[in-house]
Structures are given as structure tokens and as C-alpha cells.
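Any read-out appearing in this document is the output of simple, stated calculations on the displayed coordinates, not a laboratory observation. No experiment lies behind these values; they were computed from the predicted model shown. When we count neighbours, we look across all protein chains shown, and the Cβ atoms used for this are built from the backbone with ideal geometry, even at glycine.
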Amino acid sequence: MSDMFQQLSDFGLIPVVAINDADHAVPLAKALVAGGLPVAEITFRTAAAEESMKRIAAEVPEVLLGAGTVLTVEQAEAAVNAGAKYIVAPGFNAKIVAYCVDNRIPVTPGVCTPTDLSAALDFGLEVVKFFPAENAGGLATLKAISAPYGMVRFIPTGGINAGNLNTYLSFPKVLACGGSWMVKSDLIAGEQFDAITELTREAVNTMLGFDLAHVGLNAPDADTSLKITQDIAGLLNLPVKQGNSSNFAGSLAEVMKSPFLGTHGHLAIGTNSVPRAMAYLRRRGAEFDMSTAKPEGGPIKAVYLKGEIGGFAIHLLQK
């Protein structure tokens with residue numbers, strides 16, 4: 001999988017944008033960055049698309065820029081010249097796909113049938129757009145048509161919203177989702193960029209699903225750990241579960257049998273996707289102690305951040 005598609009996977013959610021006035025392009029891009037999602041698919045549904053891409057590429061280069069609703073090779077050429085890093089078509093257009101493949105431009109044509117998928121495989125594509133996702137039958141249809149194609153990843157678009165986003169992302173064959181609810185045209189036209197930032201932030205939070213899984217406390221030895229665990233469990237009417245390196249009072253508190261990371265202990269933060277959470281936190285300057293990553297091979301399910309906050313290390317856990 002190319003680095004560009006890995007970035008899309010790390011983002012998890014791709015804002016699909018229609019801009020009617022190119023003067024709104026840069027403020028919109030900055031609003032997405034402020035909301036924690038520096039990626040945008042600018043669609044050729046408006047005459048301002050090409051100029052909007054040029055301005056975003058020049059003034060907000062940290063945004064991973066794609067071109068959507070590409071219907072012709074000429075539009076694909078214009079998009080790339082304007083700064084787009086990948087091309088998205090609503091359906092399977094062999095001419096567009098051939099142009100992109102020949103010029104090593106990442107492309108995700110729209111598919112919704114096994115015939116479409118077979119055509120995509122003929123061009124060696126590994127990532128395609130599932131469109132229109134909800135109108136085509138949603139996740140049930142995607143699971144059905146993707147079953148024989150284990151090598152293909154999908155970007156469902158069309159009808160994706162905050163309510164069904166994580167349902168799609170929970171399917172391992174989904175690379176990312178495209179959505180427009182945080183970048184609606186009326187918000188852009190009304191220059192409500194603060195609202196777009198807030199909706200984007202909410203979308204990212206919904207996708208990552210951060211919450212407190214448990215509090216970890218450091219104890220000097222096993223006997224002290226058990227005593228602290230029993231005290232917490234007795235106070236809050238929780239069961240005690242003894243382990244090799246720690247003891248748990250229900251699911252609320254973990255007490256280490258010897259001092260571990262963090263001056264006082266750790267805060268275990270649950271998330272819907274540890275890899276996406278890591279990518280998000282890295283964009284915010286966080287670093288990770290990869291020696292603590294588990295498992296050592298395959299998708300990471302748990303890892304500690306470097307450093308501590310208020311005397312506590314931060315431990316990311318897969319929900």
C-alpha cells in the first residue's frame with residue numbers, strides 16, 4: 001500500500017468538499033487543520049474546484065489534497081497540476097484509471113458491483129471507493145461484494161455520517177470513509193469556519209472514541225499492590241482479579257506489583273483504533289515508547305506514550 005493510502009488510513013475520515021467560491025478554500029482548509037483533520041477531497045462539482053485546489057496547495061500545504069468527482073482525463077490532469085495528490089472518480093472510468101496508473105497517480109474509482117471490482121483488479125488497484133455506500137446497501141452489501149476480494153481495501157462514501165462512521169471503520173477491509181457532514185456547502189458559503197472546525201473536531205473525537213479505561217497505580221511490591229487493590233475493591237464493591245504483574249479492582253483500577261512507567265502510575269485511554277489514535281497524536285507532537293507496543297507483530301493493540309502528565313504515563317488501549 002502506498003504512503004499516500006497509508007495516510008488516508010491514518011486519517012480514517014476524508015472530508016468531501018464542494019466549494020463554490022475559491023476565496024473560501026484556504027479558510028476551509030485551515031478550519032479542517034484546526035479540527036484535527038488535515039485532509040480534503042475537493043470535488044469537481046463546482047467551477048471553483050481547480051482554483052480552490054491551487055490555493056490550498058500553495059497556502060495550506062499540510063493538507064493532504066485529493067480531487068473528487070473526476071469525470072474526465074482532462075479533469076484529472078488539471079487536478080494534479082493544481083496540487084492534488086490523488087484522484088477519486090464516482091464510477092469506474094477506464095480512461096481515467098489508465099491515465100492515473102500510467103502516470104503513477106493514486107486513484108480510487110467508484111465501485112458497487114463485483115464487475116466493477118474485477119475491472120479495478122485488471123489495473124492492479126488495491127484501494128477503491130465504495131459509492132454510493134448507503135444507497136447501494138451499506139455495510140451488508142460491501143461485505144458481500146468484497147468477500148472474494150481479500151486483497152482490496154475500500155473507502156465508503158455516500159451517506160456516511162457520525163452515526164454510522166464507526167460501523168464502517170470497524171470492518172477491516174475499510175481503509176477510510178468519505179463524509180461531508182462537517183463541511184456542508186451552506187456552512188462554507190456562510191463562512192462559518194469556526195462551526196466547521198467544531199464539527200470536524202467532533203467527528204475526529206467520534207471516530208477515535210477516547211475514554212478513560214482505568215487508572216493505573218504504582219506500588220512498591222506485590223503485597224502492597226494487593227492491599228491497595230483490596231482497599232479500592234472493598235470501598236467500591238468491586239471484584240479483585242490478581243495477575244502476574246498487577247492486580248485489578250474491577251475494571252476501574254490497576255495496581256502494579258512494582259513501580260512501572262509514570263511517577264504515580266498510568267492513565268489507560270481506550271480508543272476505537274490504536275493505529276489511528278497514534279497517527280492523530282503524532283500530528284499533535286506526541287511520541288511513543290515502541291518498546292511497550294503489544295503485540296510485537298501485527299496491528300498494535302496497546303502502547304505507552306513517552307513522558308508523563310501530572311505524574312501519570314499515558315497508555316493507549318484498543319477497545
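Result for the chain in a Gaussian network model with C-alpha springs under 10 Å: among Ala176, Ala89, Ala195, the largest mean-square fluctuation is at Ala195.
Going by average Cβ neighbours within 10 Å, how do the peptides 70-77, 167-174 rank, with the highest at the top? Walk me through the numbers before you get to the answer.
Numbers: 70-77: 17.8, 167-174: 16.2.
For the peptides 70-77, 167-174, the packing ranking is 70-77, 167-174.
The relative contact order of region 154-201 comes to 35 percent, based on Cα pairs under 8 Å that sit 6 or more residues apart.
Between [x] 1.06; [y] 1.00; [z] 0.98, which entry matches Rg/Rh (Cα atoms, Kirkwood Rh) as derived from the coordinates of this structure? Computing Rg/Rh (Cα atoms, Kirkwood Rh) and matching it to [x] 1.06; [y] 1.00; [z] 0.98 gives [x]. Under the rule a/c < 1.5 gives rounded, and otherwise a/b versus b/c splits prolate from oblate, where does region 1-104 land using the Cα gyration tensor? In terms of gyration-tensor shape, oblate. When only alpha carbons are used to place a centre, region 151-166 and region 176-226 end up 18 Å from one another. Mean sequence separation of contacting Cα pairs (under 8 Å, at least six apart), scaled by the length of region 246-319, corresponds to a relative contact order of 36 percent. Sort region 218-319 into rounded, prolate or oblate with this rule: let a ≥ b ≥ c be the square roots of the eigenvalues of the Cα gyration tensor; rounded if a/c is under 1.5, and if a/c is not under 1.5, prolate when a/b is larger than b/c, oblate otherwise. In terms of gyration-tensor shape, prolate. Between 0 and 90 degrees, the angle of helix 73-82 with respect to the longest Cα principal axis of the chain falls at about 60 degrees. One chain, two ends: Lys241 and Ser291. Fully extended at 0.36 nm per residue, the span grows by 15.4 nm beyond their Cα-Cα distance.
Look at Thr69, Thr115 and count the other Cβ atoms within 10 Å of each Cβ; fewest to most, that gives Thr115, Thr69.
Report note on the peptides 78-87, 281-290, 305-314, 58-67: ranked by the mean count of other C-beta atoms within 10 Å, highest first, their order is 78-87, 58-67, 305-314, 281-290.
Can you bin region 58-213 into rounded, prolate or oblate? Criterion: square roots of the alpha carbon gyration tensor eigenvalues sorted a ≥ b ≥ c, rounded for a/c under 1.5, prolate for a/b above b/c, oblate for the rest. Because a/c hits 1.5 or more and a/b fails to exceed b/c, region 58-213 counts as oblate. Net charge near Pro61, counting Lys/Arg +1 and Asp/Glu -1 over other residues with Cβ under 15 Å of its Cβ? That sum, taken over residues with Cβ under 15 Å, equals +3. Structural descriptor for the chain: relative contact order 14 percent, calculated from alpha carbon pairs under 8 angstrom and at least 6 residues apart. Spatial offset of region 1-69 relative to region 258-319 amounts to 30 Å, using the alpha carbon center of each. For the chain, modelled as a GNM whose springs connect Cα atoms under 10 angstrom apart, the maximal fluctuation among Leu117, Leu212, Leu175 occurs at Leu212. The label-point distance for Asp221 and Ser2, in a model that sets each label 7 Å from Cα toward Cβ, rounds to 6.1 nm.
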